[in-house]
Amino acid sequence: MMRRWQIRTIFALIILCLILSLFYVNSNKTLKIGVITGSNWDVPSPDALKIVDNAIERFEKEHVNVQVEYISGIRKEDYSEWLSQQALSGDVCDVFMVLSNDLATFADVGILENLSGFIENDPDFDESVYFFSSYQSGQVNHVQYALPYESVPTLMYVNRTLLESEGIEVPKQDWTWEDFYEICARMTQDTNEDGILDQFGQFGYTWQNAIFSNGAKIFNDEGSNALLENDRVYDAIEFMRRLEKLNRGQSVTSEMFDKGQVVFCPMSFSEYRAYKPYPWSVKKYSSFEWDCIPMPAGPDGSNVSQLDTLLIGMSKNSKYKDLAWEFLKELSFNEETQKDIFRYSQGVSVLNTITDTKMIIDSLQDETPGGSDYDLGFFNSMMENAIPVKEFNGYEQAMALIDGEIKLLSINEDDIEAAIGRVEDQVDALLESVK
């Protein structure tokens with residue numbers, strides 16, 4: 001028969017084990033995150049998830065009782081629907097990537113946590129280290145609902161081979177609409193003299209590019225009204241008319257640029273990073289030398305670009321909001337993660353302290369044989385002053401209305417001011433109806 005003290009000892013050990021097991025269960029937490037597999041920028045990026053994996057490894061070392069999990073294999077084209085289904089089932093990840101065109105919707109329906117309180121109460125967080133445009137991309141009505149993860153600006157791509165064949169230098173970084181137009185006019189030619197143009201100045205330059213580079217805006221910050229009735233917009237449309245007339249009614253296509261028949265084409269910087277290095281350059285643009293420069297400036301504007309940003313947000317229903325905030329910072333605010341953006345993705349770091357570091361410049365130059373093709377002297381200024389892509393309720397319908405009217409105005413002789421006045425009234429009525 002066991003003695004009384006032995007029974008008490010065994011009972012005490014059992015109680016201790018139960019307490020320890022409960023402590024273990026309660027102290028180990030699983031943080032779920034939603035990520036996109038591959039590139040957000042529609043270019044080859046097979047190593048993009050290494051950025052997240054490295055961030056998780058660092059985070060778990062610092063938080064020994066936390067495990068971070070994510071589901072792999074969700075492509076960009078399926079991601080928004082997948083996240084919406086998660087929300088409907090009440091199982092949204094604690095932290096998740098947010099496409100720029102989903103931000104306003106997810107904030108409006110209450111999926112995203114308002115980050116203002118975390119930002120204000122965290123002495124280690126400093127919003128000034130971000131490019132202003134990247135950081136602003138995470139705002140809806142001036143409220144921060146997400147932090148930026150990586151950004152991609154739109155730049156002007158230049159067929160250097162075509163320009164050199166005509167003895168024309170690549171434009172300087174502060175070039176203007178008039179420089180752009182004069183080069184397009186010189187380069188638009190019928191090279192085989194069969195009566196049909198087969199060489200063109202530009203493909204893909206849009207009225208949005210012209211409006212932004214002339215210091216104008218399409219909508220107000222709240223997305224409640226259009227801002228089209230002003231001289232800067234009228235001048236941008238008139239400039240588009242001048243460019244369109246150079247083509248004499250012929251259609252210019254992206255395939256023509258790919259084949260080396262077009263001098264200028266706006267594209268994302270991610271495409272430059274993806275297709276400039278060997279061997280991707282052979283698969284995409286092998287018949288000519290090419291480079292990128294800022295967009296041309298209008299008479300009342302500057303050499304600004306549009307900026308698209310992949311964001312990271314926190315679920316409003318997360319059980320571990322403090323941990324979620326720390327992991328948001330690990331992805332967005334941590335310099336090692338942001339250096340990995342350059343190592344493993346085709347985007348640009350959202351931190352202004354990263355882009356012009358020697359390590360990053362050397363890394364970009366190493367991607368390209370010869371090592372001298374990347375000139376990032378204009379990059380920080382361009383990123384800081386870029387125009388963020390921000391959508392809101394009614395955005396797509398409003399843009400469709402404006403786009404249709406301005407495309408018509410670019411090829412006809414209708415009165416620009418009268419036509420824009422009519423479309424602005426229609427857009428304002430539409431935006432009022434979706435409030």
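Quick look at the values:
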{"quantity": "Any hit, the range 261-275, residues being in a loop (DSSP other than H, G, I, E, B), open to solvent by 20 Å² or more (accessible area, probe 1.4 Å) and at pLDDT 90 or above", "calculated": "yes"}
{"quantity": "Evaluation of Gln202 against (1) over 30 Å from Lys339 (Cα atoms); (2) among the polar types (S, T, N, Q); (3) modelled with pLDDT under 95 (one fails), failing number", "calculated": "(3)"}
{"quantity": "Residues of the range 408-424 satisfying the condition of being open to solvent by 100 Å² or more (accessible area, probe 1.4 Å) and assigned to a helix (DSSP H, G or I)", "calculated": "Ile411, Glu417, Arg422"}
{"quantity": "Residue within the range 288-301 that is at pLDDT 90 or above, open to solvent by 10 Å² or more (accessible area, probe 1.4 Å) and within 29 Å of Phe96 (Cβ to Cβ) present", "calculated": "no"}
{"quantity": "So Val434, is it in contact (Cβ under 8 Å) with a residue 40 or more places away in the chain, hydrophobic (A, V, I, L, M, F, W, C), open to solvent by 20 Å² or more (accessible area, probe 1.4 Å) and over 17 Å from Met240 (Cβ atoms)", "calculated": "yes"}
{"quantity": "Criterion (touching a residue at least 24 places away in the same chain (Cβ under 8 Å) and more than 18 Å from the chain's Cα centre (by Cα)) met by exactly one of Gln85, Gln67", "calculated": "Gln67"}
{"quantity": "Members of the range 220-239 that are of a type outside the set (Ser, Thr, Tyr) and either open to solvent by less than 20 Å² (accessible area, probe 1.4 Å) or more than 22 Å from Trp177 (Cβ to Cβ) (or both)", "calculated": "Asn220, Asp221, Glu222, Gly223, Asn225, Ala226, Leu228, Val233, Ala236, Ile237, Phe239"}
{"quantity": "Matching residues, the range 42-64, being over 22 Å from the mean Cα position of the chain (by Cα) and open to solvent by less than 30 Å² (accessible area, probe 1.4 Å)", "calculated": "Ile56, Phe59"}
{"quantity": "Residue, nearest to Ser345 (Cα to Cα), within the range 292-303, restricted to residues that are in a loop (DSSP other than H, G, I, E, B) and touching a Phe, Trp or Tyr at 6+ places or on another chain (Cβ under 9 Å)", "calculated": "Pro294"}
{"quantity": "Boolean, Ala216 is assigned to a loop (DSSP other than H, G, I, E, B), modelled with pLDDT of 95 or more and farther than 30 Å from Asp126 by Cβ", "calculated": "yes"}
{"quantity": "Filtered residue count, the range 197-219, keeping only those that are in contact with a Gly (Cβ under 6 Å, 6 or more places away or on another chain) and surrounded by 19 or more Cβ atoms within 10 Å (Cβ to Cβ)", "calculated": "2"}
{"quantity": "Residues satisfying the stated conditions in the range 152-179, i.e. within 25 Å of the chain's Cα centre (by Cα) and either more than 28 Å from Trp41 (Cβ to Cβ) or open to solvent by less than 10 Å² (accessible area, probe 1.4 Å) (or both)", "calculated": "Val152, Pro153, Leu155, Met156, Tyr157, Val158, Asn159, Trp175, Thr176"}
{"quantity": "Neighbours by Cβ (under 7 Å, 6+ apart or cross-chain): first from the range 106-126, under 20 Å from Ser137 (Cβ atoms) and among the polar types (S, T, N, Q); second part of a loop (DSSP other than H, G, I, E, B) and open to solvent by 40 Å² or more (accessible area, probe 1.4 Å)", "calculated": "Asn114/Tyr145"}
{"quantity": "Residues of the range 354-389 satisfying the condition of being modelled with pLDDT of 85 or more and open to solvent by 60 Å² or more (accessible area, probe 1.4 Å)", "calculated": "Glu384, Asn385"}
{"quantity": "Residues (under 22 Å from the mean Cα position of the chain (by Cα), assigned to a loop (DSSP other than H, G, I, E, B) and surrounded by fewer than 23 Cβ atoms within 10 Å (Cβ to Cβ)) located in the range 304-334", "calculated": "Phe333, Asn334"}
{"quantity": "Close pairs (6 angstrom Cβ cut-off, 6 or more residues apart or separate chains): free of Cβ contacts under 8 Å to residues at least 24 places away in the same chain in the range 26-49, open to solvent by 30 Å² or more (accessible area, probe 1.4 Å) and not in a loop (DSSP other than H, G, I, E, B) anywhere", "calculated": "none"}
{"quantity": "Subset of the range 101-151 [loosely packed, with under 14 Cβ neighbours inside 10 Å, among the acidic types (Asp, Glu) and farther than 16 Å from Lys321 by Cβ]", "calculated": "Asp124, Asp126, Glu127"}
{"quantity": "Residue count for the range 341-351, restricted to those that are open to solvent by less than 10 Å² (accessible area, probe 1.4 Å) and either acidic (Asp, Glu) or assigned to a helix (DSSP H, G or I) (or both)", "calculated": "2"}
{"quantity": "Members of the range 46-81 that are basic (Lys, Arg) and not in a loop (DSSP other than H, G, I, E, B)", "calculated": "Lys50, Arg58, Lys61, Lys76"}
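Yes/no per residue for (1) closer than 22 Å to Pro299 by Cβ; (2) at pLDDT 95 or above; (3) touching a helix residue (DSSP H, G or I) at 6+ places or on another chain (Cβ under 9 Å):
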{"site": "Asn159", "(1), (2), (3)": "no, no, yes"}
{"site": "Glu166", "(1), (2), (3)": "no, no, yes"}
{"site": "Glu178", "(1), (2), (3)": "yes, yes, no"}
{"site": "Ala185", "(1), (2), (3)": "yes, yes, yes"}
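The values are calculated or read from the model by the stated rules, or taken from the named source; none is laboratory data. Predicted, not measured: the structure shown is a model, and the values here were computed from it. A quick note on method: Cβ atoms are made from the backbone with ideal geometry, for glycine too, and the neighbour counts reach across all protein chains shown. The accessibility values were calculated without ligands, DNA or RNA, using every heavy atom of the protein model including side chains. Shrake-Rupley method; radii C 1.70, N 1.55, O 1.52, S 1.80 Å.
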